[in-house]
Amino acid sequence: MGSPTHGRLFTRLMLNTWQTTITRGSDGSAFVITGDIPAMWLRDSAAQMRPFIPLAVESVEIAACLEAIVAKQWECIERAPYANAFNAGPTNDSWHAGDLCSNPWVWEEKYEIDSLAFPVQLAWQLWRVSGRDEVLDPLRHRARIVVDLWRTEQDHAERSPYRFVRPGTSDTLARWGRGGPVARTGMTWSGFRPSDDPCTFGYNIPGNLFAVHALELVADMATEAWQDEELAIEASSLADEIREGVMKHGIGPERVLAYEVDGLGNQLMTDDANMPSLLSLPLTSSISRHDPLYRSARRFVLSQANPQYFLGTHASGVGSPHSPEGWVWPIALAVQGLTCRTDDKFRLLATLARTDGGTGMMHESFNPHDPQEFTRPWFSWANSMYCELALATADVTLDDVTRRWQ
């Protein structure tokens, strides 16, 4: 890459994730914290491991640890399928003591589609890289939990048991924790976004497209690894219904994908820095970066028509209502790089290295006019996104690795 800076930063961040966020149990289990929060988010822990997947073919130790993380994620899903973050044990620790959820294993029960889709994708990727059907053993009977939950949430108003109430905060969902009204559309409902902020409207479009992709992966695993034709058919059928719902209700003016809709005519035209996002669709859905639907979404997201796109003297990119107004997210810059041409990958990698605030670490967000101002000094998901972009700039991608086994 013409400079040792990127190699040093890549090494530091990979080792930081591997040596400081993963705890191995004496029973061979593995628990992954986010960095500055002592809980395991299903989404974050999967994303934190993405740059290690290509290395699983090189290292027995890495492959074994990733398998243990997959197993832990699916234990968590079985314990509390609506939860997004978990404790290492039944400690009763939680983000907020007033939450309705009383499960001692649950740190937080903000229901988000991606909390289920990311573990499906991680397991499938590791399976394809390793060629070991044993990787999928933790999913064998639990994948149906995901399919059944997403089908239940197609009819949230009538069938869902889910409520989220957090006294005294804006996180409490409308209508006593049920969320705002939605019509049945074929899509699957979500209470919260990947940012952990409440949805404005109940159908998050990037989340639904990620669900379609995850269901296709479930069908692939069911067919090839489990010989479970019934599950494969159920997953494929649900994927088709959700996809049809997105195409019917999720496209806004000028054929640009909306970020959220309710099926009643309301649409939110924005994007958020957190994955899955409209910008990340080539990474979290079956939509390629060459698809006209993605290209129109990308033009919108990376323009000032997107309320969350911010310009700065040191960087310009996508931010989030989850962080200070006008601040840019390294995760979104990495996603922008991972979904663009090769020459732009290096430019965005260099931007990330320049805007670390002098800490040698990536952050949740930073002031694009002054990168010395940032949120979350230790945010492992952002560190891993830098590493994934560095690998892609060196022409090593997850698509290339998994394709070898197809």
ask   = Which distance in nm do the two modelled labels at THR5 and ARG299 give, with both placed 7 Å along the Cα-to-Cβ direction?
value = 3.3
Protection proxy ranking, peptides 79-90, 3-14, average beta carbon neighbours within 10 Å, highest first = 79-90, 3-14
task = Would you mind calculating the gained length between ASP291 and ASP148 on full extension (0.36 nm times residue separation, minus the Cα-Cα distance), in nm to one decimal?
result = 48.5 nm
key: Set of segment 70-111 residues, backbone N closer than 12 Å to the point 7 Å along the Cα-Cβ line of ASP137   = 71
query = Nearest 0.05, what FRET efficiency do GLU230 and LEU100 give at R0 = 25 Å with Cβ-Cβ as r?
reply = 0.15
note = TM-like helix rule applied to the chain (DSSP H, alpha carbon span at least 27 Å on the long axis, mean Kyte-Doolittle at least -1.0) gives 60-79, 205-224, 229-249
Spread of Cα-to-Cα distances over 5 Å intervals beginning at zero, given as percent, for segment 302-406 = 2, 14, 24, 24, 18, 10, 5, 3, 1, 0
query = Non-local amide H neighbours of GLN308 (under 5 Å, H modeled in plane, Pro and chain starts lacking H): which ones?
reply = ASP271
remark   = Using eta = 0.692 mPa s and T = 37 °C, Stokes-Einstein with Kirkwood Rh from Cα pairs puts D for segment 19-168, in µm² s⁻¹, at 206
Simple label model, 7 Å out from Cα along Cβ direction - LYS248 to ARG79, nm = 3.9
Test item: Cα-centred dipole of the chain, Lys/Arg +1 and Asp/Glu -1 on Cβ, debye = 700
ask   = What per residue convex hull volume, in Å³, comes out for the chain when only alpha-carbon positions are used?
value = 131
ask   = With every protein chain left in place, what is the accessible area of THR223 in Å² (1.4 Å probe, nearest 10)?
value = 90
query = Check GLU260: other-chain or 5+ apart residues with amide H under 5 Å from its amide H, H built from backbone geometry?
reply = ILE205, LEU268, THR270
remark   = The simple spin-label model distance between VAL57 and ALA174, using points 7 Å out along Cα→Cβ, in nm, is 4.9
task = List the relative contact order of the chain as a percent without decimals, with contacts defined as Cα pairs under 8 Å and 6+ residues apart.
result = 16
Relative contact order (percent, whole number), segment 116-214, Cα cutoff 8 Å, 6+ residue spacing = 23
task = Can you tell me the alpha carbon radius of gyration of segment 174-283 divided by the globular rule-of-thumb value 2.2 N^0.38 Å?
result = 1.12
Reciprocal mean inverse distance between Cα atoms of segment 1-90 - Kirkwood radius, Å = 14.0
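The values are calculated or read from the model by the stated rules, or taken from the named source; none is laboratory data. Because the structure is predicted, anything quoted here is derived from the model rather than measured. When we count neighbours, we look across all protein chains shown, and the Cβ atoms used for this are built from the backbone with ideal geometry, even at glycine. Accessible surface is based on the protein model in full, side chains and every heavy atom, while ligands, DNA and RNA are left aside. Shrake-Rupley method; radii C 1.70, N 1.55, O 1.52, S 1.80 Å.
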